[in-house]
Amino acid sequence: TFYGCISLTSITIPKGVTSIGDSAFFDCSSLMSITIPNGVTSIGDSAFYNCSSLMDIIIPEGVTSIGNQVFCGCNNLISVVISESVTSIGTSAFSGCSSLMDITIPKSLIIIGEYAFYSCSSLTSITIPNGVTTIGEYAFYSCNSLTSITIPDGITNVGDYTFNNCSGLMSIVISANINSIGKNAFLGCNNLCQVINNSNIQLTIGSESNGYLAYYAKIIIDKDGNKTYLDENSGFELTDTQDGFCFMREKTNAPYKLIAYTGSDDFVTLPLEFNGQGYDIYEMRGVKNVIIPNGMIK
């Protein structure tokens, strides 16, 4: 309908419209704002493809699925709110949305398609509801600002390359129902600190099996709460705290280094000391906002 209207900056869709067709606003690269009325129940494939000026969108109640490539290439899209009626997110729906930082995923969601959030490099967090049963291959490929992810109970298989190159991941929680992990699913997650493994899959730190899930890990916690740390032969001693701080030091009584935060708090207060002594901070990852407590000295 408005395919290639590159000068269109805004539009109001009237009440009474129930469907937005395939490619309706394809390549409307100047479109900055659009309100989708509550009567809309379907949004077609590529409907807002390459609307590169669009900054936020609300998917209203009544829409049951987000089609393939709907917002693909919307590289200035920052915020997305998806209503509780949506059950599926299509292939490449948000692929290349490199500015997307915040997205509200409804509890009604069942399917996340292949490449759905491919290269959403600014996405810092996402909560996948327990009702999701399918996460497609490459779904979160190169989401390298993600710091933690929990695979929900409804998932039994992690597909090929699903979280490949998520280099910011610090903590991964694997549900009890996972029975297989696809090819290279976690390859490139080279800053991974902790894996909480609630499944029956046997993980070994440094192993390339199970999609490289444990290859980069420094700490693995199994379903019984037992912890395995990076092998002593690595030349480092690792330990973690109940509030999510991970410390490392060389064996020669060197000072501890704070290397990661695996908790979920947005604001993190640094500990005054660790094991009765000061510590260095070394490339600490997984933290968004730091509070320096009173009494800390240089």
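Tabulated data
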quantity	calculated
Taking only Cα atoms of region 126-192, radius of gyration then Dmax in Å	10.7, 29
Projected area averaged over orientations for region 227-277, convex hull of C-alpha atoms, nm²	4.0
GLU137 - accessible surface, heavy atoms, 1.4 Å probe, Å² rounded to 10	70
Summed side-chain charge close to THR239 - residues other than THR239 whose Cβ falls under 12 Å, Lys, Arg +1, Asp, Glu -1	+2
Length-normalised contact order of the chain in % [C-alpha pairs under 8 Å, at least 6 apart]	8
Accessible solvent surface per residue of the chain, calculated while the other protein chains remain in place, 1.4 angstrom probe, Å²	46
Largest-first principal axis extents of the Cα set of region 139-298 (Å)	48, 33, 26
Mean Cβ neighbour count within 10 Å, used as a protection proxy, ranking 285-298, 123-136 highest first	123-136, 285-298
Set of aspartates and glutamates with alpha-carbon distance to LYS288 below 12 Å, sequence-local pairs under 8 removed	ASP265, ASP266
Computed over the chain, Kirkwood Rh from alpha-carbon pairs, angstrom	20.6
Carbon/sulfur fraction of accessible area - the chain, other protein chains in place, 1.4 Å, %	47
Distance between region 21-63 and region 261-297 - C-alpha centres, whole angstrom	42
Listed residues SER264, GLY90, VAL173: farthest to the positive end of the dipole of the chain (Cβ charges)	SER264
Cα-based equivalent ellipsoid, region 1-147: semi-axes from gyration tensor eigenvalues, Å	22, 18, 12
Pairwise Cα inverse-distance average, inverted: Kirkwood Rh of region 77-204 (Å)	14.3
For region 60-99, average projected area of the Cα convex hull in nm²	2.5
Order by protection proxy (mean Cβ within 10 Å, highest first), peptides 65-76, 7-18	65-76, 7-18
Gaussian network model of the chain, Cα within-10 Å springs - most flexible of ASN200, ASN144, ASN164	ASN200
Most mobile of ASP153, ASP102, ASP231 in a GNM of the chain (Cα contacts under 10 Å)	ASP231
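The values are calculated or read from the model by the stated rules, or taken from the named source; none is laboratory data. Keep in mind that this is a model prediction, so the values were computed, not measured. In this analysis, Cβ positions are derived from the backbone assuming ideal geometry, glycine residues included, and neighbour counts consider all displayed protein chains. With ligands, DNA and RNA removed, areas are computed over all heavy atoms of the protein, side chains included. Shrake-Rupley method; radii C 1.70, N 1.55, O 1.52, S 1.80 Å.
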